[in-house]
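Since every read-out is calculated from the coordinates, none of them should be taken as a lab result. Being a predicted model, the structure only gives us computed values, none of them experimental. Cβ: placed from backbone, ideal geometry, glycine included. Neighbour counts: every protein chain shown.
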Amino acid sequence: MSFDINFENRIRALLLEDYPDFEKAISGEKISALRINPFKVTGLKNEVLDDLKNADIRITNEVDWEKNARVYSDGAPGKHPFHEAGLYYIQEPSAMAPVHYLDPKPGEKILDLCAAPGGKSTQIACRMNGEGILVTNEIDKKRAQILSLNIERLGIRNALVTNMRPEKLSEIFEGYFDKILVDAPCSGEGMFRKNDEAIDNWSLENVALCAKRQKDILIEAVKMLAPGGRLVYSTCTFAPEEDELQVHNLISMGLKPLDIQLFDGMERGKARYLESILNDGALSAISHPQDENNSLENIDKDLLDSSLSKCSVRLWPHRISGEGHFLAAFEKAGDITLNKGLYGINGKLKTVNSDDIKSFIEFANEFLVDVSFAEETAKRSDDSKGDKKNKSGKKGQRGAKSLVRIEGVFSGTPFMFGEQLYLAPEGMPGINGLSVMRPGLHLGTIKNGRFEPSHALALTLSKENVKLTYELSEKSMQFIGGMSFREADMQNGWYLVTTAGYSLGWAKYAGGIFKNHYPKGLRIYT
Ligand code: SAM
């Protein structure tokens with residue numbers, strides 16, 4: 001592996017006598033891991049790991065900062081049907097550390113600002129356990145689509161996936177979020193072992209460009225953080241202009257460094273790293289600081305060093321079992337309890353009544369278990385008890401307008417987005433002014449009075465949630481490839497197709513055939 005000489009000299013300047021250890025580690029094998037999805041697999045069921053072992057995937061050690069993760073070697077878990085069933089997300093161990101320090105909790109309002117392809121968003125969602133609101137944003141449309149598919153694959157119900165520039169998002173969400181993750185676009189030095197493209201794209205100019213962009217993104221992120229809220233900044237690079245310098249920037253923006261604990265092998269960031277690079281004209285990416293704030297004379301090195309020794313983590317590939325990463329955690333002054341509870345902003349969602357979604361109610365009554373519909377009379381000023389439960393989905397008795405709520409296996413407010421029926425999680429913000437890729441859980445399509453369930457609905461359900469299931473076992477990859485199956489004497493209707501008992505998609509049985517409803521765009525032909 002050969003690196004740009006500037007990169008090598010910079011890392012030598014940081015690591016001094018440790019450089020040979022780094023060089024040896026970075027020339028070795030990349031570390032791979034997977035994170036089991038607790039929405040689908042409870043308690044790291046051994047049978048899932050056993051099935052992977054049977055597919056020649058060697059599960060080795062655990063990851064200290066993520067209890068659901070396992071390091072693996074050999075094999076290709078990305079090609080196993082369990083991957084398409086969303087039983088796990090493939091993510092290297094260091095990339096799982098920022099979410100550990102974000103410490104997401106059920107019921108919070110959380111933003112993942114630079115989220116595609118969704119490794120950290122799916123990890124955040126798992127820790128939120130379906131409660132609260134996760135706004136997961138990606139600036140690049142194609143990448144936002146991949147993010148949206150990963151949210152779907154893992155069966156996440158409480159995510160609003162957006163495709164926006166940070167400065168547009170901050171116009172809407174000022175002071176809104178309890179927690180924000182900024183996993184910034186960076187020069188990717190920590191991925192050199194994993195990704196040749198990162199090596200080819202490296203240049204001092206790109207480091208400078210990334211540093212400037214990171215500061216711009218952080219300005220917007222800080223605006224969106226509620227008083228008392230937590231912000232975690234992370235990169236997968238070693239460049240001090242993108243790591244230590246951004247810590248200085250965040251402190252200058254008024255954030256307070258948080259005291260966080262290290263796991264074995266983790267190290268702190270250091271003001272010395274920034275100094276040794278910026279002091280050397282040949283090594284520094286910022287030979288002409290973009291603003292005064294970035295010049296060494298204007299940085300309080302003692303303050304920076306004491307902050308870094310509390311709030312930052314450097315994951316070096318020669319010190320831990322993982323790729324290179326940096327993170328730092330901060331808090332905004334204020335009382336976070338004043339931001340408690342979920343509330344919509346920016347207008348209400350246009351909800352539906354039971355007539356609008358009659359075909360879905362019929363589908364739910366016929367094929368789902370434990371789903372009920374509550375009708376709420378539109379509120380009058382003196383009316384606090386206008387709710388009426390109605391399993392058949394008939395209109396409520398009082399008031400002018402009924403709004404349907406769904407309860408049971410999943411709960412929330414259904415609403416239409418064109419022909420698409422979604423379920424907004426409790427407290428989802430209005431979507432006016434947002435460029436939205438996925439507003440909550442996609443239930444299905446209502447067209448000409450007929451309901452067709454979505455793939456997202458299948459992936460959020462378990463076999464206990466439906467009346468009809470069709471287990472495929474060794475035929476799973478054929479189903480993923482789009483094949484329909486012949487079978488005699490089955491009951492007509494919608495079947496949740498499963499692989500080893502885990503949902504994989506829908507098939508509709510009629511006339512002796514299970515018609516395959518696996519989305520065409522997701523099919524894998526083997
Ligand atoms: N957090 C992701 C994960 O764990 O899967 C990885 C995020 S990646 C390091 C950074 C992302 O930031 C990229 O998807 C990139 O498209 C996006 N990005 C690029 N420029 C941006 C900008 N100006 N503002 C916000 N995000 C940007």
Which one, LEU274, LEU262, VAL232, projects farthest toward the positive side of the charge dipole computed for region 213-274 from Cβ point charges (K/R +1, D/E -1)? VAL232
Using a cut-off of under 18 Å, list every residue of region 214-241 whose amide N is near the label point 7 Å from the Cα of ASP259 along the Cα-to-beta-carbon line. 230-231
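How far, in nm, would the chain grow between VAL369 and LEU209 when pulled straight, counting 0.36 nm per residue and subtracting the alpha carbon separation?
Numbers: separation 160, 0.36 × 160 = 57.60 nm, distance 5.32 nm.
Net length gain for the segment: 52.3 nm.
If you take the beta carbon distance between SER252 and LYS105 as r and set R0 to 41 Å, what does 1/(1 + (r/R0)^6) give as a FRET efficiency, to the nearest 0.05? Numbers along the way, then the final one.
On the way: r = 29 Å, r/R0 = 0.70.
With a Förster radius of 41 Å, E is 0.90.
Taking only C-alpha pairs under 8 Å that are 6+ residues apart, what is the relative contact order of the chain in percent? Display every interim value, and only then the final one.
Numbers: 1139 pairs, mean separation 71.1, N = 526.
RCO, the chain: 14 percent.
At 0.36 nm per residue, minus the direct Cα-Cα distance, what do GLU131 and ASP302 gain on full extension? Give it in nm, one decimal, please.
Fully extending the segment from GLU131 to ASP302 adds 57.4 nm.
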Please list, in order along region 63-68, the HN-Hα scalar couplings obtained from phi with the Karplus expression 6.51 cos²θ - 1.76 cosθ + 1.60 (θ = phi - 60°), rounded to whole Hz, x for Gly and Pro. 10, 3, 9, 8, 5, 7
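Rounded to whole Å and sorted largest first, what semi-axes of the equivalent ellipsoid does the C-alpha gyration tensor of region 415-498 yield via the square root of 5 times each eigenvalue?
On the way: eigenvalues 182, 40, 33 Å².
Result for region 415-498: semi-axes of 30, 14, 13 Å.
Tell me, Kirkwood radius of region 216-280 from alpha-carbon pair distances, in Å? Provide the component values of the computation, followed by the final result.
Working: mean 1/r = 0.0752 Å⁻¹.
Here the Kirkwood hydrodynamic radius works out to 13.3 Å.
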Counting Lys and Arg as +1 and Asp and Glu as -1, what is the net charge of the other residues whose Cβ lies under 12 Å from the Cβ of ALA116? 0
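Can you give the calculated 222 nm mean residue ellipticity of the chain, where each DSSP H run of n ≥ 4 adds -39,500 (n - 2.57) and the sum is split over every residue, rounded to the nearest 500 deg cm²/dmol? Walk me through the intermediate numbers first.
Details: 16 runs with 143 residues, N = 526.
Computed ellipticity for the chain at 222 nm equals -7500 deg cm²/dmol.
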Tell me the Kirkwood hydrodynamic radius of the chain in angstroms, computed as one over the mean inverse distance between distinct C-alpha pairs. 24.8 Å
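Strictly over 25 Å apart at the Cα level, which of LYS340/LYS463; LYS358/LYS467; LYS350/LYS447; LYS109/LYS350; LYS67/LYS467 would you flag in this model? Walk me through the numbers before you get to the answer.
Numbers: LYS340/LYS463 35 Å; LYS358/LYS467 19 Å; LYS350/LYS447 18 Å; LYS109/LYS350 21 Å; LYS67/LYS467 33 Å.
Those over the limit are LYS340/LYS463; LYS67/LYS467.
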Multiply the residue gap between LYS141 and ASN279 by 0.36 nm, knock off their C-alpha separation, and tell me the result in nm, one decimal place. 45.8 nm
Can you give the net charge of the other residues whose Cβ lies under 12 Å from the Cβ of MET483, counting K and R as +1 and D and E as -1? +4
Using a Förster radius of 22 Å, what is the FRET efficiency between ASN492 and GLU471 based on their Cβ-Cβ separation? Nearest 0.05, please. 0.75
Whole-Å semi-axes of the ellipsoid equivalent to region 439-484 (Cα gyration tensor, √5λ, descending): 22, 14, 11
Rounded to 5, percent antiparallel among DSSP beta bridges of the chain: 75 percent
Please say if region 112-194 is rounded, prolate or oblate, where rounded means a/c under 1.5 for a ≥ b ≥ c the square roots of the C-alpha gyration tensor eigenvalues, and otherwise the choice is prolate for a/b larger than b/c and oblate otherwise? oblate
For ALA144, net neighbour charge (Lys/Arg +1, Asp/Glu -1) across residues whose Cβ lies under 11 Å away: +2
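Rounded to the nearest 0.05, what FRET efficiency do LEU16 and ARG58 have when you use their Cβ-Cβ distance and R0 = 30 Å?
On the way: r = 36 Å, r/R0 = 1.19.
According to the calculation, E is roughly 0.25.
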Rank THR499, SER284, ALA329 by how far each Cα sits towards the positive end of the charge dipole of the chain (+1 on Lys, Arg Cβ; -1 on Asp, Glu Cβ) and give me just the farthest. THR499
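Taking the mean number of other Cβ atoms within 10 Å as a proxy for protection, how do you rank 124-133, 463-472, 12-21 from highest to lowest? It would help to have the intermediate numbers written out before the result.
Numbers: 124-133: 21.4, 463-472: 16.7, 12-21: 14.3.
The most tightly packed comes first, giving 124-133, 463-472, 12-21.
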Pop out the ³J(HN,Hα) list for region 487-497 in order, Karplus 6.51 cos²θ - 1.76 cosθ + 1.60 with θ = phi - 60°, rounded to Hz; leave Gly and Pro as x. 7, 8, 6, 10, 6, 5, x, 8, 10, 7, 7
Please name whichever of SER27, PHE39, LEU49 sits farthest to the positive end of the charge dipole of region 8-63, dipole taken about the Cα centre and charges placed at Cβ: Lys and Arg +1, Asp and Glu -1. PHE39
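Please order ILE336, ILE277 by the number of other Cβ within 10 Å, starting at the fewest. Show your work: numbers first, answer last.
Working: ILE336 17, ILE277 23.
Final ranking by Cβ density, sparse to dense: ILE336, ILE277.
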